[in-house]
Amino acid sequence: MNITLRAKLILFATILVSVIMINVTYFYTLREIKSKRNVAQDHIHMIAKNIATIQLLDRQEWDIYQNFISQLMIYNPDIIYIGIFDARNKLRAHTLNTTLIDITESKLTRRQEINLILQMEQGAVSDESKNDMQTEIVDIRLGNRILGSVHVGFSIIHINRELQYGIYLNIFLGAMFIIFFSLAAAYFGRRLTKPLETLSKAMEAVNEGKMELLTPQSRDEVGKLTVSFNQMIRGLKERNIIEELGKDLSATFRIEELAPLIRKHLKSATGAHSVRLYLQDRENTKIFREAVARENQNDILQTLNINETCESFLKNHQNGFMIQDAPLEIKNCLRHEQERSNGLVLIMTLKNAILGMLYFELRENEYQFHHKQIQFASFLANQATIALENTLIYEDLQEQDRIKHEFEIARKMQEKLLPGDMPEIPGIQIDGVCLPALELGGDYYDFFTIDDNHLGIAIADVCGKGVSASFYMAEIKGMMMQLTKSFRSPRKLLIELNKMLYHSLERNSFVTMIYAVLNISEKKLTFSRAGHNPILKCNSRGDSELFTPKGIGLGIDKGVLFEKNLQEQTILLRKNEIVLLYTDGIVEAMDDREEMFGEEKLLDILIKNRHEHPFKIKEIVLEALTRFLNSGFAQDDITMIIIKNTGE
């Protein structure tokens with residue numbers, strides 16, 4: 001005869017109601033007793049607070065305190081003692097209810113009372129009486145000052161006795177209920193509680209971290225409950241896996257540490273025989289390399305070359321596919337051998353780009369993953385993709401920081417290659433500036449003391465910007481320091497410099513330069529121009545000239561053509577005449593309308609400010625460029641040298 005779950009629940013409910021009645025009665029007694037304790041404690045606290053608010057301690061009126069607390073003791077028989085302590089914790093006034101204390105003497109002296117109170121304050125109470133007495137302490141304050149404290153010890157023995165009586169009563173009633181229902185439960189207990197006990201033990205095991213699935217023993221409601229329990233266990237396992245995966249993946253930003261973690265967690269989550277992880281090569285996006293993530297480190301790691309057909313197939317199967325179900329071309333692309341076991345392929349996508357692939361190999365004698373396993377594996381793969389993305393971003397940021405740091409070092413080194421101070425020559429004023437468009441520039445200017453009467457002046461523009469241009473600039477600096485000691489003639493020096501640069505420059509690179517030698521006593525400037533911008537000259541009346549002797553860039557020709565086309569020219573610097581050497585970053589600077597600054601604007605500034613010091617002229621040119629660019633950025637390096645004959 002099958003007993004329905006309703007019949008089982010009726011019997012079970014009868015027992016449950018009995019137990020609930022006992023527990024309700026028991027807990028009601030505890031709550032009631034606790035409420036009485038709180039009321040008593042609040043009452044005593046109010047008494048102590050009232051005593052503390054008298055505020056007579058600062059006037060040392062102990063008799064008034066003594067009379068007041070003695071009266072309180074009469075109307076509050078549960079109070080054992082009241083003590084008034086001063087700021088030095090000395091007992092100044094007290095009263096003691098000896099009827100609540102187990103003592104042998106019939107009458108105590110005042111000193112004995114004080115000692116007894118102090119002993120109780122220090123906890124010198126018998127073990128069986130400690131729970132029957134409580135103490136309330138309230139500070140006596142005057143403003144922010146503490147003048148002393150009120151200590152009140154009170155008895156809760158009658159409350160404890162009520163609690164003891166209530167407990168005994170509950171035990172008695174509980175025993176009666178248990179005896180009454182145990183006879184009925186004896187027959188139905190085994191058949192009713194066995195599946196529920198099994199389920200209860202399984203739930204207790206969950207609290208201990210043991211999550212085992214149960215086999216349903218029936219098809220009734222208990223059996224359905226077991227099925228629901230199993231679903232809960234699966235959900236908890238999945239949640240734990242997700243939490244552990246997220247915790248472990250967030251603990252590292254290194255690919256070599258991340259890959260084994262992904263393999264380990266995904267293998268555990270899916271129950272796969274093994275998991276392989278392939279990551280996209282940072283340089284070649286068509287190549288996917290197997291990460292070091294196998295149990296057997298002696299295995300040869302595979303490299304996959306994904307063609308367009310394979311990539312299209314993978315993107316069309318983002319929810320995963322079994323490798324044995326894929327076309328032969330895809331199997332070959334993924335280097336899957338036909339005799340090998342079946343497995344699941346999942347791609348790891350980021351913004352419609354394949355970041356990596358996962359291969360879950362089935363265990364022996366298994367032929368298919370459950371669709372829930374595939375869904376869960378896909379979810380974890382997405383989580384792993386986010387961790388990989390964060391790791392790649394972190395590596396990129398580290399690389400950027402490293403490059404930025406190296407650029408900063410290179411920039412400081414490049415600044416040291418430029419003149420720190422301007423030459424000081426009687427009758428001649430000189431100033432110059434070099435402002436790179438990027439962290440590193442390709443412009444260069446320098447001064448070389450040839451002898452007491454001759455000063456070498458160089459300005460150059462390396463084709464391009466950035467690291468390579470700055471490298472060439474440093475190389476030219478070293479060559480110039482060597483050549484200026486050997487060649488007085490600008491033309492001969494540039495011919496020799498061209499030979500040296502032709503072998504060191506890349507074929508698509510070249511350098512433009514003007515090298516001049518200033519005869520200080522004769523105020524003559526002899527120079528050659530290797531494809532550089534012309535020299536601007538302005539006299540005191542505002543008349544201007546452009547000097548553009550023939551010459552091609554350094555490093556373009558091996559030597560014959562360069563030497564044939566290179567001229568040398570000498571100009572005289574009369575009193576108050578100015579010469580300006582500059583790079584194309586000034587005249588070719590463009591505003592937001594793509595209009596160039598041009599030589600006319602530069603020459604106009606030179607003419608209008610011809611009476612100023614070269615330093616002032618330099619600042620005016622830079623300010624004009626800033627206004628022209630309208631808070632934009634210069635596209636090229638800005639370099640200029642200004643020389644003026646003051647005639648002094």
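Things worth noting here:
- Residue in the range 339-352 that is of a type in the set (Asp, Glu) and within 27 Å of THR285 (Cα to Cα) present: no
- Qualifying residue in the range 354-377 (condition: touching a residue at least 12 places away in the same chain (Cβ under 8 Å), part of a loop (DSSP other than H, G, I, E, B) and touching an Asp or Glu at 6+ places or on another chain (Cβ under 7 Å)): no
- The single residue among ILE137, ILE69, ILE74, ILE80 that is touching a Ser or Thr at 6+ places or on another chain (Cβ under 6 Å), under 30 Å from GLU162 (Cβ atoms) and open to solvent by 70 Å² or more (accessible area, probe 1.4 Å) turns out to be ILE137.
- Here the range 421-464 is the region considered, the condition is being assigned to a strand (DSSP E or B) and among the small types (Gly, Ala, Ser), and the residue that is farthest from TYR515 (Cα to Cα) is GLY432.
- Count of the range 302-327 residues which are outside any strand (DSSP E or B) and either at positive phi or open to solvent by 70 Å² or more (accessible area, probe 1.4 Å) (or both): 7
- Matching option when the condition is open to solvent by 70 Å² or more (accessible area, probe 1.4 Å) and either of a type in the set (S, T, N, Q) or farther than 24 Å from LYS49 by Cα (or both), among ASN131, ASN160: ASN131
- If you go through the range 268-281 and keep only what is open to solvent by 50 Å² or more (accessible area, probe 1.4 Å) and at pLDDT 75 or above, you end up with HIS273, GLN280.
- Residue that is nearest to ILE374 (Cα to Cα), among those in the range 262-287 that are outside any helix (DSSP H, G or I) and among the aliphatic types (A, V, I, L, M): ALA272
- Residues considered: GLY632, GLY647. Of these, the only one that is over 24 Å from ARG593 (Cβ atoms), of a type in the set (Gly, Ala, Ser) and modelled with pLDDT under 90 is GLY647.
Conditions tested, residue by residue: (1) surrounded by 20 or more Cβ atoms within 10 Å (Cβ to Cβ); (2) of a type in the set (Ser, Thr, Tyr); (3) touching a residue at least 12 places away in the same chain (Cβ under 8 Å); (4) assigned to a helix (DSSP H, G or I).
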position	(1), (2), (3), (4)
ASN576	no, no, yes, no
ILE586	yes, no, yes, yes
GLU594	no, no, no, no
LEU603	no, no, yes, yes
ARG610	no, no, yes, no
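- Pair list, Cβ under 7 Å, 6 or more apart: the range 511-524 residue on the phi > 0 side of the Ramachandran plot, other residue outside any loop (DSSP other than H, G, I, E, B) and open to solvent by 20 Å² or more (accessible area, probe 1.4 Å): LYS523/LEU572
- All told, LYS537 falls short of being assigned to a loop (DSSP other than H, G, I, E, B) and not β-branched (Val, Ile, Thr).
- Subset of the range 621-648 (residues that are surrounded by 15 or more Cβ atoms within 10 Å (Cβ to Cβ) and free of Cβ contacts under 8 Å to residues at least 60 places away in the same chain): VAL621, ALA624, LEU625, PHE628, LEU629
- Qualifying residue in the range 548-565 (condition: open to solvent by less than 30 Å² (accessible area, probe 1.4 Å), over 55 Å from the mean Cα position of the chain (by Cα) and within 24 Å of PRO426 (Cα to Cα)): no
- Any hit, the range 329-336, residues being within 37 Å of the chain's Cα centre (by Cα), in a helix (DSSP H, G or I) and of a type in the set (A, V, I, L, M, F, W, C): no
- Tally of residues being of a type in the set (Ser, Thr, Tyr) and out of contact with any strand residue (DSSP E or B) (no Cβ under 7 Å at 6 or more places or on another chain) across the range 139-168: 2
- Those residues of the range 104-116 which are surrounded by 10 or more Cβ atoms within 10 Å (Cβ to Cβ) and in a loop (DSSP other than H, G, I, E, B), in sequence order: LEU108
- Among the conditions (1) at pLDDT below 80; (2) within 25 Å of LEU266 (Cβ to Cβ); (3) not aromatic (Phe, Trp, Tyr), the only one that GLU361 does not satisfy is (1).
The values are calculated or read from the model by the stated rules, or taken from the named source; none is laboratory data. These numbers come from a predicted model, not from an experiment. Glycine gets a Cβ as well: all are built from the backbone with ideal geometry, and neighbour counts include every protein chain shown. SASA here: full protein model, heavy atoms, side chains in, ligands and nucleic acids out. Shrake-Rupley method; radii C 1.70, N 1.55, O 1.52, S 1.80 Å.
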